[in-house]
Amino acid sequence: MTKNLKISAPAKLILFGEYAVLKGSLCIVAAINKKGYAEIRNGTGTITCTDINGRECNMKEITGEILPKNDISIFLNLRFGCGLGSSAVISVLLSSGKYLSEKYDLNKENFISQNITEENKCNKAFEIEEKEVFENSIFIENIFHGKSSGVDVAACFYGGLLCFKDKEIEKVDSKYLKRYKILIFDSKITRNVANVVKKCPVNINKDLILEEMSQISDKAARIISREFLLPEIYPLIRRNQELLEILGACPESMKNELLKIRKRGVEGKITGAGHGGHLFTIVENNISFEGWEEVKIVDDGVQFSNSCE
């Protein structure tokens, strides 16, 4: 009989506030229905991680001394470096896996009873150490990126639609945004966030740009907290994208894709640090574009259950 623990965590989609969030400004982010999964089994502390394209990540290089005592296998339903928070998903799964493997003994004969088989009760027990697991997730993500803002981890850990500002997290009702369709476009360009931030042009007033991005995020937060029409949000999306282009964050191929949908009266922008990754837009429910994929906001963050196979 095989005993294991299973964990899942959603990917994230930054709507507004990338870059400026590093200066303590508001960032609007959503957890989406692309997920990462982890399975913990008896073992010797081996961690494996594979993305949707079958690429493997060398977890020993990244995690160093934080390896848990059991084996953890991670699978991402997205690709590494795609701008949807793959490193944050991995960080949340690893931190949760570390906590669970230390809290529950898979070697015990009463594994099922000691863990409480009802998933909601298991998750309730998990919440006791919520702050510890969340902070450890940020610690792990910092290994990937240097010093991260924490916004990606917040979305993957807590789920839903969040306003994140200077490490303060507010969960926002997503019902008004959910009345529309969210589309994403994969540029197929992979990038490393730590390297991307260093690529910003030096001959621009970055502080002014980040201040305007902050103002855009504040306006957007007010709009999506009520019933709104797309013509209200599109000017903010467009201006945010223009500022990202000034920062040099948008390759020509991604600009061209945005021009295509603009001809149909729709505005889109980069999500995340740019230089590749994904674009996103918000459209009416009857609209679709070739090469774009619909994603949905998910209210749940990290989830786990135990089983005996």
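Please specify each residue of segment 19-33 satisfying the condition of being buried (at least 20 other Cβ atoms within 10 Å of the Cβ) and either touching a Lys or Arg at 6+ places or on another chain (Cβ under 9 Å) or farther than 30 Å from P235 by Cα (or both). Talk me through it step by step, then tell me what you get.
Step one: list which residues in segment 19-33 are buried (at least 20 other Cβ atoms within 10 Å of the Cβ), which gives 19-21, 25-32.
Within segment 19-33, Y19, V21, S25, L26, C27, V29, A30, A31, I32 qualify.
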From the list S174, S137, pick out the single residue that is touching a residue at least 40 places away in the same chain (Cβ under 8 Å) and over 16 Å from the mean Cα position of the chain (by Cα).
S174
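Of all residues in segment 255-282 being of a type in the set (A, V, I, L, M, F, W, C) and touching a Gly at 6+ places or on another chain (Cβ under 8 Å), which is surrounded by the most Cβ atoms within 10 Å (Cβ to Cβ)?
We begin by selecting, within segment 255-282, every residue of a type in the set (A, V, I, L, M, F, W, C); these are 258-259, 261, 266, 270, 273, 279-280, 282.
From what's left, touching a Gly at 6+ places or on another chain (Cβ under 8 Å): 258, 261, 270, 273, 279-280.
Numbers: L258: 21, I261: 19, I270: 27, A273: 25, L279: 23, F280: 23.
Looking at the filtered set, the residue picked out is I270.
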Has segment 285-296 got at least one residue that is polar (S, T, N, Q), in contact with a Gly (Cβ under 8 Å, 6 or more places away or on another chain) and at pLDDT 95 or above?
no
Filter segment 148-161 for residues that are buried (at least 22 other Cβ atoms within 10 Å of the Cβ) and at negative phi and give the result.
S148, S149, V151, D152, V153, A154, A155, C156, F157, L161
Whether any residue in segment 255-263 is touching a residue at least 12 places away in the same chain (Cβ under 8 Å), more than 25 Å from L162 (Cα to Cα), touching an Asp or Glu at 6+ places or on another chain (Cβ under 9 Å) and of a type in the set (V, I, T) is what I want to check.
yes
Inspect all residues belonging to segment 140-151 and state whether any of them is at pLDDT 90 or above, in contact with a helix residue (DSSP H, G or I) (Cβ under 9 Å, 6 or more places away or on another chain) and of a type in the set (F, W, Y).
no
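The values are calculated or read from the model by the stated rules, or taken from the named source; none is laboratory data. Worth saying up front: this structure is predicted, and the values here are computed from it rather than measured. A quick note on method: Cβ atoms are made from the backbone with ideal geometry, for glycine too, and the neighbour counts reach across all protein chains shown.
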